[in-house]
Amino acid sequence: DTEVTQTPKHLVMGMTNKKSLKCEQHMGHRAMYWYKQKAKKPPELMFVYSYEKLSINESVPSRFSPECPNSSLLNLHLHALQPEDSALYLCASSQDRGGNEQFFGPGTRLTVL
Amino acid sequence: AQKVTQAQTEISVVEKEDVTLDCVYETRDTTYYLFWYKQPPSGELVFLIRRNSFDEQNEISGRYSWNFQKSTSSFNFTITASQVVDSAVYFCALSEFMEYGNKLVFGAGTILRVKS
């Protein structure tokens, strides 16, 4: 099973809302990633979790808060977002934090009003 | 710093034509990995291939083939007999090893439109 799932597929939220994006994989991968992708741009790395510990934070604003409850799950908590945060949020996983291929989920398309 | 350049912003071809997508990379690492991903309109990034820096053999998978040349820092992707379903954005990516993990550095992407 080479699948990464993400929920919800679409999310519309106001700037004062709190919401969470969820990601799940059952491939036994020990590294998980959050990327942000704006329209017509490549994905940009936000966070890397390795063995359930945050290993890379690419200077992401604190209104984005990642969480890795266990080796299969990755959450991204959202609070007080801005309209410019509207984007496709992609989750990925890989066997470990080395140079292995990353498998991506379908993404959550977020709109901040 | 690592850098990936995909000079072709958009390519349009007619079905059954062959098409090559170019990728040029920059890195100071001696060990690195290169990738190609496909992103159809649905949005999901689909992994196509991973190549490590010590393996310069070209690879063929069905209608897809990849040409890796360290001498020119290029990792080009050819689709033979293109089909409408090949229409997508294609990203070339390079692994960047950091102290506490690994990140993918993506090129800007090439939009491929295959017309019937």
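The values are calculated or read from the model by the stated rules, or taken from the named source; none is laboratory data. Worth saying up front: this structure is predicted, and the values here are computed from it rather than measured. A quick note on method: Cβ atoms are made from the backbone with ideal geometry, for glycine too, and the neighbour counts reach across all protein chains shown. We work out accessible area using only protein heavy atoms, side chains counted, and drop any ligands, DNA or RNA first. Shrake-Rupley method; radii C 1.70, N 1.55, O 1.52, S 1.80 Å.
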Just wondering, is there one or more residues in the stretch B:87-101 that are more than 14 Å from chain A (Cβ to nearest Cβ) and in a strand (DSSP E or B)? no
Look at B:Ile60 and say whether it is without any contact (Cβ under 8 Å) to a residue 40 or more places away in the chain, within 14 Å of chain A (Cβ to nearest Cβ) and either aliphatic (A, V, I, L, M) or in a helix (DSSP H, G or I) (or both). no
Taking B:Asn52 as meeting all but one of (1) within 14 Å of chain A (Cβ to nearest Cβ); (2) over 17 Å from B:Leu94 (Cα atoms), write down the number of the exception. (2)
Could you pull out the residue among B:Ser82, B:Ser116, B:Ser42, B:Ser74 that is more than 14 Å from every other protein chain (Cβ to nearest Cβ) and exposed (fewer than 14 other Cβ atoms within 10 Å of the Cβ)? B:Ser116
Does the stretch B:16-34 contain any residue that is among the aromatic types (Phe, Trp, Tyr) and either touching an Asp or Glu at 6+ places or on another chain (Cβ under 6 Å) or in a loop (DSSP other than H, G, I, E, B) (or both)? yes
Picked from the stretch A:63-105 (must be open to solvent by 40 Å² or more (accessible area, probe 1.4 Å) and under 14 Å from the mean Cα position of the chain (by Cα)), the residue nearest to the other protein chains (Cβ to nearest Cβ) is A:Phe103
Considering every residue within the stretch A:9-16, establish whether at least one is under 14 Å from the mean Cα position of the chain (by Cα) and either closer than 12 Å to A:Gly105 by Cα or within 9 Å of another protein chain (Cβ to nearest Cβ) (or both). yes
For the stretch A:35-45, check the following and say yes or no: at least one residue is over 11 Å from the mean Cα position of the chain (by Cα) and part of a strand (DSSP E or B). no
Among the residues of the stretch A:17-32, write down those that are surrounded by 13 or more Cβ atoms within 10 Å (Cβ to Cβ), part of a strand (DSSP E or B) and more than 8 Å from chain B (Cβ to nearest Cβ). A:Lys19, A:Ser20, A:Leu21, A:Lys22, A:Cys23, A:Glu24, A:Gln25, A:Met32
Pick from the stretch B:47-71, criterion open to solvent by less than 30 Å² (accessible area, probe 1.4 Å) and aromatic (Phe, Trp, Tyr), ranking: nearest to the chain's Cα centre (by Cα): B:Trp66
